[in-house]
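Notes for the one structure printed next.
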Amino acid sequence: MSSATLEATDHRAGTSQVSLGIYEKALRWTADWDELFADVRRAGFSFVDISVDESPERKSRLHWSKQTRQHIREAAARQGTQLGGLCLSIHRALGPGSADPTVRAEADRIFDQGIELCHDLGIPVLQVAGYYAYYEQADPGQRSRYVESLRRAIPKAAQSGVLLGIENVDGNDVTSISRGMNIVREIDSPWLQMYPDVGNIAEQQLDEIEELRAGEGHMLAIHVKDVRVGEPRRVAMGTGIADFPKAFAELARQGWSGRIMIEMWNDNAPDSVERCIEARRIVEQMLTDAGVGIVTD
C-alpha cells in the first residue's frame, strides 16, 4: 500500500492531521518551474498539484521527455516542494464516456500517459475528472463507457504504483461523492478511490456531512475552493457559500488525515503569492477551529 493511502486512512492517532497544498493555477505562471515551486514554499504550502488540461501547453506535458521529467523532479527537490497530485483535466475535452470510439481511444491513451507521467514525476495521485463526455449531448451509455475506461486504466495504475482519485464535479455527471462511490464500489479496486471537492459539494447544493460520510475510508486527498451556485470557479476564498467549518468538523469526526489542496485561479495575477497566503490563513483558521491539526515541514 502506498504512503498516500496510509496517510489518508490511518486513524490510529485518533485525531485529524493534514498537510496543505496549492493548485498550480493559483500561482502566476512564468514557465520557470524553480520559480513556481519557490512560490509554493513562499506561500507556506507543503505541496502543489499540477495540471494537464485542454490548453496546448499543458496538454503537451503528456509528451515530456524523460530529461524534462527529471528536471522538474529536481526543481521541486531544490525548492523543497512536494508534487502532490496531477489533475487530468484534459478528459473534460476528450471524455472517457464519449459516444465516438476514436475519442474514447484517445481518452484511454491519456489515462496511460497521465499515469506514466505521475510515475516519472513521483506523483502518488492522479485526479480523475468526473465528466463522462462534457461537450457532448448526454446519452444513456455515457456512464457505462466512462466506467469501462476507468476499469481499463486500473492495471496500468497498479503496475505504476499510482492511485486514481475521482473528483466530484460541476455539471451533470459525477456531481457528488455518493455518485463517485457507486463507481468505486462497482470497479472494486484499491487503486481507485475518491479525491473529493468540498466546493463542488456546495455548488451542487448538497450536504457536506452526508457527502463526506459517503466517502469515509475512501478519500485519498481533498480539494477546497469557494463557490457560488452556478459559479464553480474563481470565487475568492471566504466570499462564497462553501461551508468549510461544517466539512472540516466532519473530517475531524472521521479522524481523516491526509492532504488538503486549496484550488484557486490566480494564474495571471502579479500578487498571486499574497492571494494564496491569505487563502491559506483562512483555511488554517477554520481547520484549527474544527480541531484538525496542520502538519508543516
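The values are calculated or read from the model by the stated rules, or taken from the named source; none is laboratory data. Remember, it's a predicted structure, so these values are computed and weren't measured experimentally. Here Cβ is always computed from backbone atoms with ideal geometry, including for glycine, and neighbour counts include all displayed protein chains.
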Val103 passes all but one of the listed conditions (1) without any contact (Cβ under 8 Å) to a residue 40 or more places away in the chain; (2) outside any loop (DSSP other than H, G, I, E, B); (3) buried (at least 23 other Cβ atoms within 10 Å of the Cβ); (4) among the hydrophobic types (A, V, I, L, M, F, W, C); the exception is number (3)
Subset of region 250-272, residues surrounded by fewer than 20 Cβ atoms within 10 Å (Cβ to Cβ) and of a type in the set (A, V, I, L, M, F, W, C), comes to Ala252, Trp265, Ala269
How many residues of region 150-163 are assigned to a helix (DSSP H, G or I) and either without any contact (Cβ under 8 Å) to a residue 24 or more places away in the chain or not basic (Lys, Arg) (or both)? The answer is 8
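For region 279-288, which positions are within 12 Å of Ala252 (Cα to Cα) and surrounded by 13 or more Cβ atoms within 10 Å (Cβ to Cβ)? Show your work before the answer.
Initially, region 279-288 is screened for residues within 12 Å of Ala252 (Cα to Cα), giving 286-288.
Scanning region 279-288 gives Met286, Leu287.
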Out of (1) of a type outside the set (Lys, Arg); (2) assigned to a helix (DSSP H, G or I); (3) out of contact with any strand residue (DSSP E or B) (no Cβ under 8 Å at 6 or more places or on another chain), the one Ala76 does not meet is (3)
Q) Within region 204-218, is even one residue in a helix (DSSP H, G or I), within 24 Å of Gly84 (Cβ to Cβ) and touching a Phe, Trp or Tyr at 6+ places or on another chain (Cβ under 9 Å)? A) yes
Of the residues in region 179-198 that are in contact with a strand residue (DSSP E or B) (Cβ under 8 Å, 6 or more places away or on another chain) and of a type outside the set (A, V, I, L, M), the one that is nearest to Asp243 (Cα to Cα) is Asp197
Checked region 40-78 for anything surrounded by fewer than 17 Cβ atoms within 10 Å (Cβ to Cβ) and within 28 Å of Thr296 (Cβ to Cβ); matches are Arg41, Arg42, Gly44, Gln70, His71, Arg73, Glu74, Ala77, Arg78
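For (1) on the phi > 0 side of the Ramachandran plot; (2) outside any loop (DSSP other than H, G, I, E, B); (3) of a type in the set (A, V, I, L, M), each residue gets a yes or a no:
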position	(1), (2), (3)
Leu94	no, no, yes
Gly97	no, no, no
Asp120	no, yes, no
Ala133	no, no, yes
Asp139	no, no, no
Glu148	no, yes, no
Gly165	no, yes, no
Note on region 196-232: residues touching a residue at least 40 places away in the same chain (Cβ under 8 Å), surrounded by fewer than 24 Cβ atoms within 10 Å (Cβ to Cβ) and more than 17 Å from Gln254 (Cβ to Cβ) are Pro232
Residue hits (region 21-53; part of a loop (DSSP other than H, G, I, E, B) and within 15 Å of Gln127 (Cβ to Cβ)) are Val52, Asp53
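Among the residues of region 171-186, is any over 25 Å from Glu263 (Cβ atoms), in a helix (DSSP H, G or I) and at pLDDT 95 or above? Lay out the reasoning, then the answer.
Here is the first cut: in region 171-186, the ones over 25 Å from Glu263 (Cβ atoms) are 185-186.
Cutting the leftovers down to in a helix (DSSP H, G or I) gives us 185-186.
Subsequent filtering for residues that are at pLDDT 95 or above retains 185-186.
Yes, region 171-186 contains at least one residue that is over 25 Å from Glu263 (Cβ atoms), in a helix (DSSP H, G or I) and at pLDDT 95 or above.
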Gly84 fails exactly one of (1) more than 16 Å from Ala153 (Cα to Cα); (2) part of a helix (DSSP H, G or I); (3) in contact (Cβ under 8 Å) with a residue 40 or more places away in the chain; (4) not charged (D, E, K, R), namely (2)
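Give the residues of region 187-203 that are among the aliphatic types (A, V, I, L, M) and in a helix (DSSP H, G or I), sorted by residue number. Before you say what the answer is, go through the steps one by one.
Going residue by residue through region 187-203, those that are among the aliphatic types (A, V, I, L, M) are 187, 192, 194, 198, 201-202.
Ile187, Val198, Ile201, Ala202 - these are the residues of region 187-203 that are among the aliphatic types (A, V, I, L, M) and in a helix (DSSP H, G or I).
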When every residue in region 20-39 that is modelled with pLDDT of 95 or more and among the small types (Gly, Ala, Ser) is compared, the one surrounded by the fewest Cβ atoms within 10 Å (Cβ to Cβ) is Ala38
By residue number, the members of region 109-118 that are surrounded by fewer than 18 Cβ atoms within 10 Å (Cβ to Cβ) and either over 19 Å from Leu164 (Cβ atoms) or in contact (Cβ under 8 Å) with a residue 40 or more places away in the chain (or both) are Asp112, Glu116
